[in-house]
Number of protein chains: 2
Amino acid sequence: MNKISLDEKFSLFSERWRPKVIAALNGQEVKIIKVQGEFPWHHHDNEDEFLLVWKGKFRVEFRDRVVKLEPGECVVVPRGTEHRTSADEEAHILCFEPAATVNTGNIREATYTAPGGVVI
Amino acid sequence: MNKISLDEKFSLFSERWRPKVIAALNGQEVKIIKVQGEFPWHHHDNEDEFLLVWKGKFRVEFRDRVVKLEPGECVVVPRGTEHRTSADEEAHILCFEPAATVNTGNIREATYTAPGGVVI
């Protein structure tokens with residue numbers, strides 16, 4: 001029941017591709033992520049993901065198309081759908097998905113797979 | 001898997017306090033709401049709500065405090081917690097909550113209780 005400031009929360013970390021939980025509710029989590037570069041192809045077996053760009057430019061690539069997003073634009077990645085995200089320059093992303101969703105979904109990758117439930 | 005623009009979605013309606021669904025996932029909905037004035041006191045028995053201000057200034061009042069929010073600021077209203085929202089001038093709000101959450105929670109009010117599941 002306290003105010004949460006997105007800009008303040010984003011200012012607290014610099015690492016990329018490692019989601020930070022800013023709120024938990026109804027078995028879901030609201031996470032923020034700094035991204036730059038290209039994330040591995042993956043899918044989530046049982047989780048849909050809502051991604052909203054807060055700052056910067058962000059691409060969500062599916063096997064048949066690329067969705068290019070700017071601030072205030074969002075997309076839903078349905079469960080089971082292969083996707084890969086990328087950004088040429090750092091972008092700030094808000095994500096709404098079930099708690100304990102693994103960021104790399106069905107794959108484990110030394111650089112990109114991040115611990116879940118990291119609250120900031 | 002199509003791009004959703006918040007500003008475009010907000011431009012499609014003018015009525016206030018009547019949530020519009022812009023995405024559904026994991027049994028939850030992402031809704032947008034235009035607000036101005038003061039909403040009735042209520043609570044949600046079984047649903048937590050995440051509220052993010054996209055434009056304008058917005059207040060979320062609890063029985064023991066008022067949380068004042070500006071763009072990029074958010075708050076979680078836990079289930080069972082009485083609250084009342086208000087805005088002096090029109091504000092644009094993003095809401096994450098379970099599908100079929102009734103906007104007025106435990107009360108029914110002729111002016112404010114809105115139909116659920118209205119997709120825009």
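Considering the Cα trace of the protein assembly as shown, what is its radius of gyration and what is Dmax, both in angstroms?
Computed over the Cα atoms of the protein assembly as shown, radius of gyration and Dmax are 17.4, 56 Å.
What residues have an amide H closer than 5 Å to that of residue A:104, excluding those fewer than 5 places away on the same chain, when H is modeled at 1.01 Å from N in the peptide plane?
A:114
With a 1.4 Å probe and all protein chains left in place, how much accessible area per residue does the protein assembly as shown have, in Å²?
44
Quote the total accessible area buried by chains B and A together, excluding ligands, DNA and RNA, probe 1.4 Å, nearest 100 Å².
Rounded to the nearest hundred, the buried surface is 3000 Å².
Mean-square fluctuation check for chain B, GNM, Cα pairs under 10 Å: which of B:17, B:41, B:54 is largest?
Fluctuation is largest for B:41.
Going down the list A:3/A:68; A:57/B:68; A:55/B:57; B:3/B:68; A:68/B:57, which pairs span over 27 Å between their C-alpha atoms?
Going by Cα-Cα distance, A:3/A:68; A:57/B:68; B:3/B:68; A:68/B:57 fall outside the 27 Å limit.
Build a GNM of chain A with springs between Cα atoms under 10 Å: which of A:48, A:64, A:88 gets the top mean-square fluctuation?
Fluctuation is largest for A:64.
Can you give me the pair-distance distribution of chain A, C-alpha pairs, 5 Å bins, whole percents?
All Cα pairs, binned at 5 Å, distribute as 2, 11, 23, 27, 22, 10, 3, 1, 0 percent.
How much of the accessible area of segment A:1-40, probe 1.4 Å, is carbon plus sulfur, in whole percent?
Solvent-exposed carbon and sulfur of segment A:1-40 make up 42 percent of the total.
Taking amide H atoms as placed 1.01 Å from N in the peptide plane, list the residues 5 or more away in sequence, or in a different chain, whose amide H sits under 5 Å from that of residue B:48.
HN-HN under 5 Å from residue B:48: A:26, B:79.
Within a Cβ distance under 12 Å of residue A:43, other residues only, what is the Lys/Arg minus Asp/Glu net charge?
Neighbourhood net charge equals -2.
Which loop GluC sites (Glu not before Pro) in segment B:2-36, with loop taken from DSSP, have no more than 13 other Cβ atoms within 10 angstrom of their Cβ?
Taking segment B:2-36 and a limit of 13 other Cβ atoms within 10 Å, the loop GluC sites (Glu not before Pro) found are B:15.
Shielding of A:75-82 by partners, i.e. mean partner chain Cβ atoms within 10 Å per residue?
Mean shielding count: 3.
When ranked by the protection proxy of mean other Cβ atoms within 10 Å per residue, highest first, what sequence do the peptides B:101-114, A:73-86 form?
Final packing ranking: A:73-86, B:101-114.
The values are calculated or read from the model by the stated rules, or taken from the named source; none is laboratory data. Note that this is a predicted model, so its numbers are computed, not measured. With ideal geometry, Cβ positions are generated from the backbone for all residues, glycine too; neighbour counts draw on all protein chains shown. In case anyone asks, the SASA skips ligands and DNA or RNA and just uses the protein heavy atoms, side chains included. Shrake-Rupley method; radii C 1.70, N 1.55, O 1.52, S 1.80 Å.
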